[in-house]
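Structure first, commentary second.
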Amino acid sequence: MKFSEIIGQETVKQRLIKSVAENRVSHAQLFLGPEGSGKLAMAIAYAQYINCRQRTETDSCGVCPSCLKYSKLIHPDLHFLYPINKTREVDKEPMSIDFLPQWREFLISNNYYVSLQDWYETIGIEKKQGLINADDANYVIKALGLKSYEAEYKVIVIWMVEKLFHAAAPKLLKNIEEPAEKTVFFLVSENPDTIPQTILSRTQLVKLTRTSDESIATYIENTFQLGSGSTSSIALVADGNVKSAIDMARLEAEKLLVEGDVPSSKKQDPDKERFELFREWMRRCWIITDRSIVLKEYQLLLATINSIISDGSREKQKDFLAYGLKMLRSCLHYNLGNRQLVKHTAYEMEFIANFSRYIHTNNIQSFEEEFNKAVFHIERNVAGNLIFTDLSHIVARLLKIAPPAQR
């Protein structure tokens, strides 16, 4: 992975390149950013750059033996840890190395812009919680005890370090704090609040922000050859998330491939499915605020909840709540007149325009607290039907709170 292959984030690239030129490569760095910002891609590109034998002032060469091995993620001095769990194939004491072939294919086929949920689906643990366990920590400690095979730096990339199991953190702490010479830890995270403070305090922060609309639009236009209208719309709706933009562009490209008048792919837009489910849930929550409702209406709410939790994936439930919060925040911006901040598809915008009257400064904080509380309970394996049934009643009450009085 070269810096030039990462979309946007030019300031971060220059900072990392400068650190190498000035011989100030920190031994432990935390690459922090929202989904789709390219934080994992940046960590790997940086690792490739510091070990490139013919690096330039702007990028790694891409052709030396080290770069060629990095491009395939097979360099012997590059090690990965990532969340895993038991599967049908690996049903006893799973470790990251057991999933290394899938991991390499997963990253390369997705241009290094990946999500946790997609990884879980790839290895077949979408209904479980992924963890970086103590055995993985022991593996890293053993690897650090060996001499480097051929690189200047031995690199350990820990993706989604917030998934580090509590028993694994102490094992890694000493090595992160006092690593062997020419050994670097690159931690990658979306949620630093759940990283052990003892580890967080020993890392140098590399913060990535959402990618600019212009950078995303240019990439989509050059890669997928879509019309300028589609390209601009995708960049706007992606709101800085490159992964989301790529997913939308791929779907749009599929729709443009036709055999006569019949699309070659009839795949339903998963984002639209999620939106329709969220819209139906909000509608059912609103209906149950009426005390005169009949049992049939309440059963329809329960049916909607069953649809939300139907596949049993806790990560998808968390993703659904995160999407819901994003929609509610957009409703608030729309209500307050900050409509330039509301970036959504046409069908979402229609819903936001109608629903925004119920989302205001008197209830948005409570929505935030309750949705985050539901995520907390999902992570602790509380039954999904209990979480969403309880949350539905809370949402119903919050929707009835009166907006601030107009002056």
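The values are calculated or read from the model by the stated rules, or taken from the named source; none is laboratory data. These numbers come from a predicted model, not from an experiment. With ideal geometry, Cβ positions are generated from the backbone for all residues, glycine too; neighbour counts draw on all protein chains shown.
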Notebook entry, point to check: Say we look at region 28-60 and pick out the residues that are in contact (Cβ under 8 Å) with a residue 40 or more places away in the chain and of a type in the set (D, E, K, R); which of these is surrounded by the most Cβ atoms within 10 Å (Cβ to Cβ)?
Noted result: 39
Next item on the list: Output the residues belonging to region 70-81 that are within 26 Å of the chain's Cα centre (by Cα) and either without any contact (Cβ under 8 Å) to a residue 24 or more places away in the chain or assigned to a loop (DSSP other than H, G, I, E, B) (or both).
Entry: 72, 73, 74, 75
Note to self: Which residue is modelled with the lowest pLDDT, if the candidates are limited to region 248-288 and must be among the aliphatic types (A, V, I, L, M) and not in a helix (DSSP H, G or I)?
What the structure shows: 262
Notebook entry, point to check: Quick one: which of 105, 93, 126, 89 is surrounded by 15 or more Cβ atoms within 10 Å (Cβ to Cβ) and outside the structural domain of residue 244 (by TED's automatic domain parsing)?
Noted result: 126
Next item on the list: Filter region 180-195 down to the residues that are touching a His at 6+ places or on another chain (Cβ under 8 Å) and not aliphatic (A, V, I, L, M), then identify the one that is surrounded by the most Cβ atoms within 10 Å (Cβ to Cβ).
Entry: 185
Margin query: For region 125-173, give me each residue that is among the hydroxyl-bearing types (Ser, Thr, Tyr) and touching a Leu at 6+ places or on another chain (Cβ under 6 Å).
Written below: none
Notebook entry, point to check: Looking at region 63-77, is at least one residue closer than 29 Å to residue 201 by Cβ, surrounded by fewer than 21 Cβ atoms within 10 Å (Cβ to Cβ) and modelled with pLDDT under 95?
Noted result: no
Item checked: Residue that is nearest to residue 26 (Cα to Cα) [pool: residues in region 196-213 that are free of Cβ contacts under 8 Å to residues at least 60 places away in the same chain and surrounded by fewer than 18 Cβ atoms within 10 Å (Cβ to Cβ)] -> 201
Check: Just for region 170-227: of the residues that are of a type in the set (Asp, Glu) and assigned to a loop (DSSP other than H, G, I, E, B), which one is farthest from the chain's Cα centre (by Cα)?
Finding: 181
